[in-house]
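Asker: Can you keep this structure in mind? I'll have questions shortly.
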Amino acid sequence: MLSRTADHLYWMARYIERAENLARILDVNNRMLLLPQSEREVERLWRETLDSIGLLDAYHGTRDKIVPAEAVHFMALDRSNPGSIYSCLRAARENAHAVRGTLTAELWETINTTWLKLREYSIERMGADELDAFFEWVKLRSHQSRGVSFATMMRDEANCFLRLGTFIERADNTARILDVKYNFINEAPRRDDASEYYQWSALLHSVSAFEIYRKVYRDQITPSRVAELLVLRNDMPRSLAHCTMEMSHFLAEVANQRSSETQRRVGELAASLRYGRIEDVLETGLHNYLTRFITRINDIGDRIATDFLMPVAA
Amino acid sequence: MAPIQVQTSVQTAGTHFFDEMSDATGEVRDHYDGYVGWFDGMPAERMARKRQEADALFHRSGITFAVYGDEAGAERLIPFDVIPRIIPAEEWLKLAAGLRQRVKALNAFLHDIYHEQEILKAGRIPAEQVISNAQYRPEMQGVDVPKDIYAAIAGVDIVRAGAGEFYVLEDNLRVPSGVSYMIENRKMMMRLFPELFAKNRVAPVEHYPDLLLDTLRAVAPKGVPDPTVVVLTPGSFNSAYFEHAFLAQQMGVELVEGPDLFVRDEQVFMRTTQGPQRVDVIYRRIDDDYLDPLAFRPDSMLGVPGLLSAYRAGNVTLSNAIGTGVADDKSIYPYVGEMVRFYLGEEPLLNNVPTYMLRKPEDLAYTLDHLPELVVKEVHGAGGYGMLVGPASTTTEIEEFRKRILASPDKYIAQPTLSLSTCPTFVDAGIAPRHIDLRPFVLSGDEVRFVPGGLTRVALKEGSLVVNSSQGGGTKDTWVMES
């Protein structure tokens with residue numbers, strides 16, 4: 001397969017996954033804000049959110065104060081923000097357009113339709129309930145692209161690069177979501193148990209893990225179990241352990257003469273998650289652990305680019 | 001020398017137009033009987049719904065014509081008309097024979113002028129017309145191409161003026177486009193009106209990509225048992241990108257851009273996730289000038305450095321070959337009939353439109369006297385730009401154009417204004433006759449082949465004779481009836 005084609009497929013999948021996770025992050029923030037909290041807390045939530053996805057400076061580039069409605073617009077539909085849902089879906093569509101011949105007609109049409117529809121949305125015209133519906137829609141379209149791709153694409157290299165893109169992005173995004181919310185909830189001023197329960201369940205909902213938590217633990221929600229579920233559970237499809245395991249699998253499928261060191265690093269990371277214990281993770285501090293994890297994921301992303309996606313020297 | 005005479009049977013604009021569906025008395029022609037019978041039983045609102053459906057489907061599948069810069073959603077649909085253009089079997093047979101003959105002669109001409117130049121030595125075509133033509137590529141002199149096929153893919157534009165009376169407007173031998181619309185139009189018609197195809201015996205066209213792949217493999221360098229074919233596109237912002245991607249996908253070959261390829265030891269490779277892979281045949285949709293920055297335009301970002309050297313060494317086939325433009329140039333067009341006689345020893349089956357070459361003083365004088373009746377075209381123009389349609393122009397426009405002609409007469413040719421045939425077409429006010437042309441796609445490999453019909457383009461503006469999609473033209477499905 002052409003390196004450029006692989007590159008477009010990989011980034012198409014990454015941008016779709018990123019858009020979905022942005023919708024998840026915005027959704028959980030909205031839910032958390034339904035609880036009574038001080039203005040300072042609200043501001044802190046948005047600042048930490050923007051910071052966690054590397055957009056705080058860009059946000060402040062044009063604004064002094066963090067206003068929730070503006071932050072939502074900035075992250076969802078701001079066309080000038082390259083990190084917004086809008087920009088991610090545009091980038092996904094442009095990548096798809098560049099390799100539309102490699103995609104099945106259904107997959108291309110799904111992505112193109114998402115893009116055509118997205119351009120009709122406007123935050124200014126949306127009430128809170130419509131915002132919820134919008135985030136649901138983004139998630140649903142992402143599920144649809146993945147589903148159509150799963151059901152129609154041949155199981156060849158193209159499929160492997162799509163999956164690689166999906167799982168490396170999801171690993172990164174889950175780590176960021178967990179990091180910022182875990183920190184936020186733990187540092188919030190102590191209130192009653194109900195409020196804390198509500199915060200944790202909002203986080204679990206945001207990564208579609210609420211029901212899974214119930215099923216796995218059959219017990220009350222505690223921070224360390226939330227961390228264990230999202231970091232170490234192999235069977236939790238958005239956990240770091242699961243994502244790295246999938247990365248390792250799809251990387252092995254496309255292996256070439258240059259990629260053995262990349263495979264080793266992914267395998268090592270996946271194994272440390274598969275056999276790790278949450279006590280050890282929490283002892284180093286979850287924030288430190290996740291920061292290191294994101295660094296390693298970035299390193300793997302760079303290596304995938306040089307091994308497969310960058311044109312080799314003539 | 002007196003100006004060449006105009007064939008008297010050529011009807012000029014303003015008189016009666018030949019309509020494909022009905023004769024001069026309004027009677028439906030035989031080959032449209034089946035369609036008209038069905039159409040008359042079709043409620044108007046169902047037809048309106050079907051037309052909307054077609055638009056929505058083309059939009060969703062992104063079958064679009066132009067992509068404008070950053071705003072990736074702003075692509076334009078080529079208007080699609082649901083009333084088909086129908087060609088009876090016996091008429092197509094005649095056309096097909098003429099096309100086969102014409103394309104053979106054009107390929108023979110290209111081989112000749114890049115080798116012995118017999119036709120120039122015989123004085124049948126003025127040598128300076130060929131050698132000093134900007135489209136003539138000295139780099140190709142003496143280069144052998146597989147099976148002597150230069151234009152493996154030709155798109156020959158044909159118009160009808162009267163019953164059985166077809167004219168070739170131009171031979172597109174460089175990178176003719178539009179074949180994807182031919183196929184998509186058929187798919188759309190079958191999806192919208194499946195019952196029509198159950199009742200009418202319409203010759204299929206969807207196997208074109210198979211024929212194309214076959215043709216491209218046939219012209220691979222000698223001794224390559226299982227040639228690797230790729231489609232070379234300028235990229236996703238090119239106006240015909242949809243077609244490039246479509247053909248690559250339908251043939252099951254890679255769609256590459258210049259930077260995906262590189263040349264080493266006069267061989268061409270593509271960069272893949274598994275390392276370099278050898279390429280044998282390049283179906284290139286990039287103009288000569290941009291193919292190789294080392295040989296042609298040094299600022300080209302679209303090409304592949306060193307490609308020409310690999311090509312000249314015979315290690316890769318470019319389809320079409322470099323330098324085919326010299327045979328479809330408007331200044332060479334008047335001599336195609338001579339080529340048929342010279343190389344094949346036959347009389348041409350297809351007519352040329354009589355053409356005045358304004359570099360000749362007597363032709364120039366005639367043209368300047370008759371501007372309101374004539375069509376004047378730039379010799380190197382394309383896409384319906386830079387032309388004057390006399391009967392459709394105001395006095396001011398004609399006088400403006402006169403100045404341009406006088407400034408450099410050798411840049412122009414003139415032709416009588418043909419009364420292109422019409423076909424009923426949906427327009428805002430209902431159904432009205434609109435002028436059409438036809439572009440069949442002729443493939444030359446081990447033999448000359450094509451799918452029946454081609455792409456029918458329609459000028460949607462009332463009275464307009466310009467069918468180019470860049471000038472507001474639309475398309476129709478083209479049916480050749482099986483006998």
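The values are calculated or read from the model by the stated rules, or taken from the named source; none is laboratory data. These numbers come from a predicted model, not from an experiment. Positions of Cβ are backbone-derived with ideal geometry, glycine not excepted, and every protein chain shown enters the neighbour counts. Areas reflect the complete protein model, heavy atoms only, side chains present, ligands, DNA and RNA absent. Shrake-Rupley method; radii C 1.70, N 1.55, O 1.52, S 1.80 Å.
Asker: I'd like the accessible area for A:C160, computed on protein heavy atoms only with a 1.4 Å probe and all protein chains in place. Round to 10 Å², please.
Answerer: Approximately 10 Å² of A:C160 is accessible to the 1.4 Å probe.
Asker: Continuing with the same structure: I need the peptides A:152-159, B:230-237 ranked by packing, meaning the mean over residues of other C-beta atoms within 10 angstrom, with the highest value on top. The partial results should precede the final answer.
Answerer: Details: A:152-159: 15.0, B:230-237: 21.8.
Descending packing order for the listed peptides: B:230-237, A:152-159.
Asker: How large is ³J(HN,Hα), in whole Hz, for each residue of the stretch A:120-136 in order, when computed from phi with the Karplus curve 6.51 cos²θ - 1.76 cosθ + 1.60 and θ = phi - 60°, using x for Gly and Pro?
Answerer: Along the stretch A:120-136, the couplings run 8, 7, 9, 4, 4, 8, 9, x, 4, 5, 5, 4, 3, 5, 5, 5, 4 Hz.
Asker: Using Cα positions and a limit of under 26 Å, work out the lysines in reach of B:K403, with same-chain residues fewer than 8 apart set aside.
Answerer: By straight Cα distance, B:K403 reaches B:K330, B:K360, B:K377, B:K411.
Asker: On to the next question. Counting protein heavy atoms only and a 1.4 angstrom probe, how many square angstrom of accessible surface do chains A and B bury in total, to the nearest 100? Walk me through the numbers on the way to the answer.
Answerer: Details: alone 14770 and 20750 Å², together 32870 Å².
Rounded to the nearest hundred, the buried surface is 2700 Å².
Asker: Follow-up question, since we're still on this one. Inside 10 Å of the C-beta atoms of A:87-100, what's the mean count of C-beta atoms belonging to other chains?
Answerer: On the way: counts 0, 0, 0, 4, 1, 0, 3, 3, 1, 2, 9, 8, 4, 10.
Across the residues of A:87-100, the mean count of other-chain Cβ atoms within 10 Å is 3.
Asker: Show me the three semi-axes of the equivalent ellipsoid for the protein assembly as shown, from the C-alpha gyration tensor (sqrt of 5 times each eigenvalue), largest first, rounded to whole Å. Please report the intermediate quantities before stating the final value.
Answerer: On the way: eigenvalues 714, 191, 107 Å².
The answer is 60, 31, 23 Å, longest axis first.
Asker: Top mean-square fluctuation among A:R47, A:R90, A:R163, Gaussian network model of chain A, C-alpha springs under 10 Å?
Answerer: A:R47
Asker: Given the options A:L118, A:L162, A:L203, which has the most mean-square fluctuation in a GNM of chain A, springs set between C-alpha atoms less than 10 angstrom apart?
Answerer: A:L118
Asker: If eta is 1.567 mPa s and T is 4 °C, what Stokes-Einstein diffusion coefficient results for the stretch B:184-322, Kirkwood Rh from Cα pairs, in µm²/s?
Answerer: On the way: Rh = 16.3 Å.
In µm²/s, the coefficient rounds to 79.
Asker: Under the definition of partner shielding as Cβ atoms of other protein chains within 10 Å of a residue Cβ, what is the mean value for peptide A:2-13?
Answerer: Values: counts 12, 8, 10, 6, 2, 1, 1, 0, 0, 0, 0, 0.
That average works out to 3.
Asker: Please turn the phi angles of the stretch B:222-227 into ³J(HN,Hα) values with the Karplus equation 6.51 cos²θ - 1.76 cosθ + 1.60 (θ = phi - 60°), one per residue in order, whole Hz, x for glycine and proline.
Answerer: Here the 3J(HN,Hα) series is 4, x, 9, x, 10, x Hz.
Asker: Please work out the Cα center distance from the stretch A:1-34 to the stretch A:164-200, rounded to the nearest Å.
Answerer: Measuring centre to centre over Cα atoms gives 17 Å.
Asker: Strictly greater than 19 Å: what percent of every Cα pair in the stretch B:20-176 meets that?
Answerer: In whole percent, the share of Cα-Cα pairs in the stretch B:20-176 beyond 19 Å is 72.
Asker: Given the whole protein assembly as supplied and a 1.4 Å probe, what does the accessible area of A:M32 come to in Å², nearest 10?
Answerer: Result for A:M32: roughly 0 Å² accessible.
Asker: In a GNM of chain A with a 10 Å cut-off on Cα contacts, which of A:V67, A:V266, A:V180 has the highest mean-square fluctuation?
Answerer: Sorting by GNM fluctuation, first place goes to A:V67.
Asker: Over the Cα atoms of the stretch A:41-138, each weighted equally, I'd like the Debye log10 I(q)/I(0) at q = 0.10, 0.15 Å⁻¹, rounded to two decimals.
Answerer: Ignoring solvent entirely, the Cα scatterers give -0.33, -0.67.
Asker: To continue, here is another question. Rounded to a whole number, what is D in µm²/s for the stretch A:3-309 from Stokes-Einstein with the Kirkwood radius over alpha-carbon pairs (10 °C, 1.306 mPa s)? Working shown, then result.
Answerer: Details: Rh = 20.0 Å.
In µm²/s, the coefficient is 79.
Asker: Given a 1.4 angstrom probe, what's the average accessible area per residue across the stretch A:3-309, in square angstrom?
Answerer: On the way: 13050 Å² over 307 residues.
Averaged over the residues of the stretch A:3-309, the accessible area is 42 Å².
Asker: In a Debye calculation with equal point scatterers on the alpha-carbon sites of the stretch A:141-185 and no solvent, what is log10 I(q)/I(0) at q = 0.14, 0.22, 0.23 Å⁻¹?
Answerer: One equal scatterer on each Cα of the stretch A:141-185 leads to -0.46, -0.77, -0.81.
Asker: List the aspartates and glutamates whose Cα sits under 12 Å from the Cα of B:K147, skipping any in the same chain fewer than 8 residues away.
Answerer: B:K147 reaches B:D446, B:E447.
Asker: Let me ask you something else. Does chain B classify as rounded, prolate or oblate by the C-alpha gyration tensor (a ≥ b ≥ c root eigenvalues; a/c under 1.5 gives rounded; else a/b over b/c gives prolate, otherwise oblate)? Show your work: numbers first, answer last.
Answerer: Details: a/c = 1.62, a/b = 1.14, b/c = 1.42.
Oblate, because a/c is 1.5 or more while a/b does not exceed b/c.
Asker: Another one. Can you list the GluC sites (Glu not before Pro) in the stretch A:48-149 that are in a DSSP coil and have 10 or fewer other beta carbons within 10 angstrom?
Answerer: Details: sites: A:E48, A:E70, A:E94, A:E106, A:E109, A:E120, A:E124, A:E130, A:E136; in loops: A:E120.
When the GluC sites (Glu not before Pro) of the stretch A:48-149 are filtered for loop state and at most 10 Cβ neighbours within 10 Å, A:E120 remain.
Asker: If you average the C-alpha positions of the stretch B:335-379 and of the stretch B:435-468 separately, how far apart do those two centres end up, in angstrom?
Answerer: The stretch B:335-379 and the stretch B:435-468 have Cα centres spaced 21 Å from each other.
Asker: Where does each of B:T228, A:T174 land when they are ordered by accessible area, with a 1.4 Å probe and the largest first? All intermediate terms of the calculation are to be shown ahead of the outcome.
Answerer: Working: B:T228 35, A:T174 5 Å².
So, going from the largest accessible area down, we get B:T228, A:T174.
Asker: Another one. Can you give the helix-only mean residue ellipticity at 222 nm for the protein assembly as shown, where every DSSP H stretch with n ≥ 4 adds -39500 (n - 2.57) and the sum goes over all residues, rounded to the nearest 500 deg cm²/dmol?
Answerer: Working: 29 runs with 367 residues, N = 797.
Only helices count here, giving -14500 deg cm²/dmol.
Asker: Local charge sum around B:T456 (other residues, Cβ-Cβ under 12 Å, Lys/Arg +1, Asp/Glu -1)? Kindly include the intermediate steps, with their values, before the conclusion.
Answerer: Numbers: positive: B:R85, B:R160, B:R186, B:R434, B:R439, B:R457, B:K476; negative: B:E20, B:D81, B:D157, B:D437, B:D477.
It works out to a net charge of +2.
Asker: Per residue of B:266-277, how many C-beta atoms from partner chains lie within 10 Å of its own C-beta, taken as a mean?
Answerer: On the way: counts 0, 0, 0, 2, 5, 9, 11, 19, 8, 5, 2, 2.
Average per residue, whole number: 5.
Asker: Quick one: order A:Y198, A:Y10 from most to least accessible surface, probe 1.4 Å. Show your work: numbers first, answer last.
Answerer: On the way: A:Y198 80, A:Y10 5 Å².
Heavy-atom accessible area, descending, gives A:Y198, A:Y10.
Asker: Still on this structure, I have one more. Ignoring ligands, DNA and RNA, please state the percent of accessible area on the protein assembly as shown from carbon and sulfur, probe 1.4 Å. Let's see the in-between values first.
Answerer: Working: 16930 of 32870 Å².
Here it works out to 52 percent.
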